[in-house]
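The values are calculated or read from the model by the stated rules, or taken from the named source; none is laboratory data. Model, not experiment: these values are computed from the prediction. Glycine gets a Cβ as well: all are built from the backbone with ideal geometry, and neighbour counts include every protein chain shown. Ligands, DNA and RNA are excluded from the accessible area calculation, which covers all protein heavy atoms including side chains. Shrake-Rupley method; radii C 1.70, N 1.55, O 1.52, S 1.80 Å.
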Amino acid sequence: MSDPRITSSIFTRGAVDLSALRTPAPTPAPAKSGPPAGAPGGAVGGVTVIDVTEATFQSEVLERSLSTPVIVDFWAEWCEPCKQLSPVLERLAVEGGGAWVLAKIDVDANPRIAQMFRVQGIPMVYAVVGGQPIDAFSGVVPEAQLRQWIQAVVKAGGGTMAEPEDPRLDEADDALMSGDLDAAERAYRKILAESPADAAAEAGLAQVGLARRVAGADPQGAIAAAQANPDDVDAQLLAADIEVLSGMAEQAYKRLVDLVRRTSGDDREKVRQHLVGLFTIAGPDDPAVASARRALASALF
């Protein structure tokens with residue numbers, strides 16, 4: 001599967017020639033409203049999931065993609081992997097709230113379309129935006145990766161799609177809030193294994209580390225120890241952790257930036273890494289993090 005970020009590829013350079021399919025076609029019947037998600041064809045929950053044939057390809061895929069991204073699912077009744085992927089695509093189409101349309105094409109019934117798309121194996125999934133295929137993947141992929149790919153397709157079409165709640169994160173967060181740090185760590189690491197760039201999971205894992213570091217510490221005593229020993233690296237790190245947990249993140253960042261200025265070698269790198277870990281908890285969009293990052297860069301260079 002290609003990188004979820006849509007980039008220039010053989011598809012955008014016209015390697016897939018669809019001109020033979022751009023022929024006048026009879027006006028297709030409106031999408032049916034009966035079948036539930038998981039059944040072929042139908043408008044479900046306001047989101048169109050349609051069966052496409054050669055006769056309807058131009059209007060249902062090419063013309064529709066001028067205004068709404070169309071994701072084309074090439075499948076066949078005999079294809080076992082298709083039976084794993086297609087229901088997930090249909091469910092995500094419903095979840096997408098109309099941001100994109102799923103077009104299902106039976107390769108046995110529509111061999112010419114499959115040939116035009118150079119489909120050599122199924123399941124095969126294409127994204128069509130602005131009348132042209134822009135990206136594709138084959139085989140069954142994890143749902144988390146599929147979600148990222150669809151998000152990128154919608155973005156490439158100029159649209160946006162609300163991020164659905166992730167039950168995996170809810171489970172991990174619940175474990176963290178209940179104090180089951182081992183379970184929380186396992187849950188966050190599982191998410192990151194499936195979605196390496198998941199910022200919420202990264203932040204959650206950093207919070208697990210923070211909770212472990214301050215476990216059993218005396219907050220007032222730790223702050224006092226740091227004040228009495230300004231060059232004690234471990235004391236300063238613990239004090240910064242406690243300040244973050246106490247809602248004084250900016251003070252914690254300043255404490256560690258100042259410590260970076262006063263240290264060198266391994267100690268300096270230890271402090272820098274610790275500070276970056278605290279940044280992860282807040283997230284890159286936090287204004288205090290942006291300010292502290294600039295201060296850290298100044299202290300380092």
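With the full set of protein chains in place, find how many percent of the accessible area of the stretch 148-301 is carbon and sulfur; take the probe as 1.4 Å.
Carbon-and-sulfur percentage of accessible area, whole number: 51.
Report the accessible area of THR160, computed with a 1.4 Å probe over the heavy atoms of all protein chains in place, in Å² rounded to the nearest 10.
130 Å²
All other residues with a Cβ under 14 Å from the Cβ of ALA109 taken together, and with Lys, Arg as +1 and Asp, Glu as -1, what is their net charge?
For residues surrounding ALA109, the net value is -4.
Among VAL129, LEU85, PHE117, which residue has its Cα positioned farthest towards the positive end of the charge dipole of the stretch 84-139, with +1 placed on the Cβ of Lys and Arg, -1 on the Cβ of Asp and Glu, and the dipole taken about the Cα centre?
Farthest towards the positive end: PHE117.
Please compute the contact order of the stretch 206-301 in relative form: average sequence separation of alpha-carbon pairs under 8 Å and at least six residues apart, divided by the residue count, as a percent.
26 percent.
On full extension of the chain, what length is gained from ASP182 through SER246, given 0.36 nm per residue of separation minus the C-alpha to C-alpha distance?
Length gained between ASP182 and SER246: 20.8 nm.
Please list, or write none, the aspartates and glutamates whose alpha carbon is within less than 14 Å of the alpha carbon of LYS190, excluding same-chain residues fewer than 8 places away.
Straight-line reach from LYS190, under 14 Å: GLU143, ASP166, ASP170, GLU171, ASP173, ASP182, ASP198, GLU202.
Charges on Cβ only, +1 for Lys and Arg, -1 for Asp and Glu, centred on the Cα centroid of the stretch 152-301; of GLY247, LEU192, ALA299, which one is farthest towards the dipole's positive end?
ALA299
How would GLU63, GLU77 line up by accessible area, probe 1.4 Å, largest first?
GLU77, GLU63
In terms of modelled amide H atoms, which long-range or inter-chain residues lie less than 5 Å from the amide H of VAL49?
Amide H neighbours of VAL49: GLY42, ALA43, VAL44.
What relative contact order, as a whole-number percentage, does the stretch 142-282 give when Cα pairs under 8 Å and 6 or more residues apart are counted?
This gives 17 percent for the stretch 142-282.
Full extension from TRP78 to ALA211: what is 0.36 nm times the residue separation minus their Cα-Cα distance, to one decimal in nm?
This chain segment gains 42.8 nm when fully extended.
Counting only other residues whose beta carbon sits under 14 Å from that of SER86, what net charge do I get with K and R as +1, D and E as -1?
So the surrounding residues net to -4.
Estimate the FRET efficiency between ARG189 and GLN145 by the formula 1/(1 + (r/R0)^6), using the beta-carbon distance for r and 25 Å for R0, to the nearest 0.05.
E between ARG189 and GLN145, to the nearest 0.05, is 0.90.
With all protein chains present and a 1.4 Å probe, how do ASP285, ASP258, ASP135, ASP174 order by accessible area, largest first?
Most to least solvent-accessible, the answer reads ASP285, ASP174, ASP258, ASP135.
At a Cα cut-off below 20 Å, give the lysines reachable from LYS104, other chains included and same-chain residues fewer than 8 away excluded.
LYS32, LYS83
Mind ranking ARG212, ARG294 by accessible surface for me, highest first, 1.4 Å probe?
Result of the area sort, largest leading: ARG294, ARG212.
Explain nothing, just the number: dipole magnitude of the stretch 135-272 about its Cα centre with +1 on each Lys and Arg Cβ and -1 on each Asp and Glu Cβ, in debye rounded to the nearest 20.
Magnitude of the dipole: close to 440 debye.
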